[in-house]
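The values are calculated or read from the model by the stated rules, or taken from the named source; none is laboratory data. Treat the numbers as computed from the prediction; the structure is a model and nothing was measured. When we count neighbours, we look across all protein chains shown, and the Cβ atoms used for this are built from the backbone with ideal geometry, even at glycine.
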Amino acid sequence: MTAATFSSVEEAIGLARAAKAAEMPVIISFFVAKGGNLKGGETLEEAIATVDAATDSAPVYYMINCTHPTEFSPALTAGDWTSRLGGFMPNAVAMETLDLCKLGHLEDGDPVELGSQMAEIARRFPHINVWGGCCGTDGRHIGEITRQVGEVRREMASAWS
């Protein structure tokens, strides 16, 4: 099961424990606010470490969703903890989620720019396998993410050969 848009470590721990008790694999996707922290102030690294410690690493992996790469990139600090990340599903624009909800229409940003931002993340984290979109994204965004992340993967594969 996948649980998306978690901004509370306690909620993530509760779900991970319930999934473990039910012998059900779980993926937890955090919402990371502008600046790279969860709403409670924890860094993404701290949140993952806390959930893993409280649940014996029950989640299969973690993702980030419902925020723009310019907002969550500061959370992607160097370290072994990043091996626990498995996917990114960004918003199309860098706006506070509540502000996006109040607009009454979708802001779709620049699909090519979003694809480029995700491709840069793919260079840093070649182990990531789940790429998608969240608020405001559509086929154009997913197409650019697919195209540009695919190019990075092909470049990296050529370099490793």
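Observations
- Note on region 51-93: among residues that are touching a strand residue (DSSP E or B) at 6+ places or on another chain (Cβ under 7 Å) and free of Cβ contacts under 8 Å to residues at least 40 places away in the same chain, the one that is nearest to THR146 (Cα to Cα) is ILE64.
- Tally, over region 1-45, of residues that are within 16 Å of ASP56 (Cβ to Cβ) and small (Gly, Ala, Ser): 7
- Residues of region 51-84 that turn out to be touching an Asp or Glu at 6+ places or on another chain (Cβ under 7 Å) and either polar (S, T, N, Q) or farther than 29 Å from ALA22 by Cβ (or both), as a count: 2
- Counted residues, region 121-147 - those being under 20 Å from LEU76 (Cα atoms) and not aromatic (Phe, Trp, Tyr): 13
- Subset of region 1-45 [among the β-branched types (Val, Ile, Thr) and within 16 Å of PHE88 (Cβ to Cβ)]: THR2, THR5, ILE27, ILE28, VAL32
- Unmet criterion (only one of (1) in a loop (DSSP other than H, G, I, E, B); (2) at pLDDT 95 or above) for THR67: (2)
- Qualifying residue in region 138-160 (condition: in contact (Cβ under 8 Å) with a residue 60 or more places away in the chain and among the hydrophobic types (A, V, I, L, M, F, W, C)): no
- Condition check for ILE48: in a helix (DSSP H, G or I) and free of Cβ contacts under 8 Å to residues at least 40 places away in the same chain: yes
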